[in-house]
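The values are calculated or read from the model by the stated rules, or taken from the named source; none is laboratory data. This is a predicted model, so every value here is computed, not measured. Cβ placement follows ideal geometry from the backbone for every residue including glycine, while neighbour counts extend to all protein chains displayed. All accessible areas refer to the heavy atoms of the entire protein, side chains included, with ligands and DNA or RNA removed. Shrake-Rupley method; radii C 1.70, N 1.55, O 1.52, S 1.80 Å.
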Amino acid sequence: MLNAFDVAARLPGRPTVEIQAKTASGDGDKTAWILGTKAQLVAKSVHEWFALVMLPSLPKPPRTFIVPRNHLSAATWVAHQTWRTDPTVPEGRRNTDLALARINATVWRGYEDRWDLLGTPTSDVPVLLPSWIRSRSKEERVGLPPGHPWNESLPDG
């Protein structure tokens with residue numbers, strides 16, 4: 001199965017990149033994107049990206065977070081599983097399916113306006129996710145998505 005993308009861009013002197021765009025209305029850390037199952041597929045190549053666009057009220061300009069697909073896939077799983085399995089919440093209270101995961105802007109902060117990364121193989125992009133994502137990915141109750149390449153070894157961040 002091919003991963004879906006909205007834009008295929010050929011950059012001068014670089015390979016074609018595939019970009020999936022997602023938008024969310026809002027302005028601030030609580031703005032969240034719904035990242036369904038298709039968005040959470042692992043990359044089929046090292047040229048797959050997401051452009052997460054935050055659309056605040058006018059006249060404020062949009063904000064964009066440029067995230068490699070595998071970074072988005074891992075972070076979405078970890079953030080959702082952390083929320084879903086929170087030991088301080090009574091069992092059965094949080095049962096929203098991963099297909100409806102809502103991940104807020106704080107997770108993507110390190111990727112804001114990182115257009116400079118496009119054209120770099122995504123396997124060479126440093127992990128710019130918050131440190132709690134890395135920590136929680138190592139917890140048994142959270143982990144990483146099945147079949148994700150980071151299950152073998154977490155990249156440097």
Taking into account only those residues within region 107-121 that are of a type outside the set (D, E, K, R) and touching a residue at least 40 places away in the same chain (Cβ under 8 Å), which is farthest from residue 66 (Cα to Cα)? 121
Go through (1) in contact with a helix residue (DSSP H, G or I) (Cβ under 8 Å, 6 or more places away or on another chain); (2) in contact (Cβ under 8 Å) with a residue 24 or more places away in the chain; (3) within 16 Å of residue 36 (Cα to Cα) and name the single condition residue 80 misses. (2)
Residues of region 107-126 satisfying the condition of being over 11 Å from the mean Cα position of the chain (by Cα) and of a type in the set (Val, Ile, Thr): 120, 122, 125
Members of region 10-55 that are touching a residue at least 60 places away in the same chain (Cβ under 8 Å), charged (D, E, K, R) and either under 22 Å from residue 125 (Cβ atoms) or part of a strand (DSSP E or B) (or both): 14, 48
Can you name the residue in region 26-55 that is charged (D, E, K, R) and under 19 Å from residue 129 (Cα atoms) and, of all such residues, is most open to solvent (accessible area, probe 1.4 Å)? 30
The lone condition residue 5 fails out of (1) modelled with pLDDT of 85 or more; (2) buried (at least 17 other Cβ atoms within 10 Å of the Cβ) is (1)
Would you mind telling me which numbered condition in (1) open to solvent by 80 Å² or more (accessible area, probe 1.4 Å); (2) more than 15 Å from the chain's Cα centre (by Cα); (3) modelled with pLDDT of 90 or more residue 23 fails? (2)
